[in-house]
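Some notes on the structure that comes next.
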Amino acid sequence: MPTVSFIMPLYNAETTVGKMVDSIRNQTFTDWELIVVDDGSTDTSGAILDDYAQTDVRIKVIHQKNSGVASARQCGIDHAAGEYIIHADADDWVDTDMLESMVGMARREIADIVIADYYVNYPSGDEAVVKQDFVSAHPGDVLFDIYNKKLFGGLWHKLISKRAYMESKARFLPDINYCEDVLLLTQILSNPNLKIVHLPDAFYHYCIAGSSLTRNVTKKGLENLKRFHNAAKSMLPFNAQQLKSIFDEFALSEFKVLFMNKLYNNSSELRDEFQRIKKIAYGSTNSLRWKLGYACLDCGLIGLAHKLLKY
């Protein structure tokens, strides 16, 4: 049985996946398996990974009909044999000492979850380290920090014991492919007995395209966001006051996506939606520009509001 199972969903990443796989193969800690789930790629991605699997027995490739990233991740977990699980994306890469450092800390601290810092790599070539400091390592507090955007909700900088997955019966929801990792963590971190530690070093290089989450979103994307919010509401273990702050943020983020991507059917619908979240919107910002933008929406000056309300 390997110590660590890497889970990597794959879809049309022929130009980047080699860098990620090579960075995994070059790990100084060698007791790992890489489970790649090819989610119906139409380029040469699947063939590239089949070639890797021919030369390295630690690499296992599963080809499936395109079913979405949540389904692919779950398929990988279902086949994972490792004591610990960590995820990777095919367009990123990792430093060679990542596993040695994270597994070492997990064993020294007898920890269920190790959360490391991470790098963000921009198209310009710039690189930044994102620190993941948290005051309390209690699972509920960590989860609350994730929903309040104090901690990143991704899985690829978190080494999680398979036992934590099994005890929580955590699974990806196959019809939700937006923030699917946060929903999985919501299930895992609902267990109050987990030991979580922070490793204050960065290893994972998260490569982004530089676009905002609220840009170029379709109506289907907005529906995915709403499904994520509805699922989260049914899972979150918080008290009423904590839930109110999170649910308010859900409502505001849905409105921002609707407004900034012009997904409303008409101005009347937009004004009705704004009235629903107006109090939340005004209370969420100290920015004069945003307050003016909201005031324009309140008065029906939609064109001017679009000029003011943007990231």
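Odds and ends about this structure:
- When segment 72-86 is filtered for residues that are part of a helix (DSSP H, G or I) and open to solvent by less than 30 Å² (accessible area, probe 1.4 Å), the ones remaining, listed by number, are 72, 73, 74, 75, 76, 77.
- Scanning segment 262-298 for residues that are closer than 21 Å to residue 248 by Cβ and outside any helix (DSSP H, G or I) returns 263, 264, 284, 285, 286, 287.
- Only helices (runs of 4 or more DSSP H) whose full extent lies in segment 149-239 are considered here, and the ones with at least 2 residues that are among the β-branched types (Val, Ile, Thr) are 180-188.
- One residue from 293, 300, 221 being in contact (Cβ under 8 Å) with a residue 12 or more places away in the chain, surrounded by 12 or more Cβ atoms within 10 Å (Cβ to Cβ) and in contact with a His (Cβ under 9 Å, 6 or more places away or on another chain): 293
- Members of segment 143-169 found to be within 21 Å of residue 253 (Cα to Cα) and buried (at least 17 other Cβ atoms within 10 Å of the Cβ), listed by number: 143, 144, 145, 146, 147, 151, 152, 153, 154
- Selected residue [surrounded by fewer than 19 Cβ atoms within 10 Å (Cβ to Cβ), at pLDDT 95 or above and touching a Gly at 6+ places or on another chain (Cβ under 8 Å)] from 62, 35: 62
- Verdict on residue 29 being in contact (Cβ under 8 Å) with a residue 40 or more places away in the chain, buried (at least 23 other Cβ atoms within 10 Å of the Cβ), in contact with a Leu (Cβ under 6 Å, 6 or more places away or on another chain) and of a type outside the set (Asp, Glu): no
- Answer residue from segment 16-26, given it is touching a strand residue (DSSP E or B) at 6+ places or on another chain (Cβ under 6 Å) and crowded, with 20+ Cβ neighbours inside 10 Å and is nearest to residue 93 (Cα to Cα) among those: 20
- Any hit, segment 275-286, residues being open to solvent by less than 20 Å² (accessible area, probe 1.4 Å) and of a type outside the set (A, V, I, L, M): no
- Restricting 185, 236, 189 to residues that are under 24 Å from residue 113 (Cα atoms) and in contact (Cβ under 8 Å) with a residue 60 or more places away in the chain narrows the list to 236.
The values are calculated or read from the model by the stated rules, or taken from the named source; none is laboratory data. All values derive from a computational prediction rather than experimental measurement. Reconstructed Cβ throughout: ideal geometry from the backbone, glycine too, with neighbour counts over all protein chains shown. Surface accessibility is based on the protein's heavy atoms, side chains included, excluding ligands, DNA and RNA. Shrake-Rupley method; radii C 1.70, N 1.55, O 1.52, S 1.80 Å.
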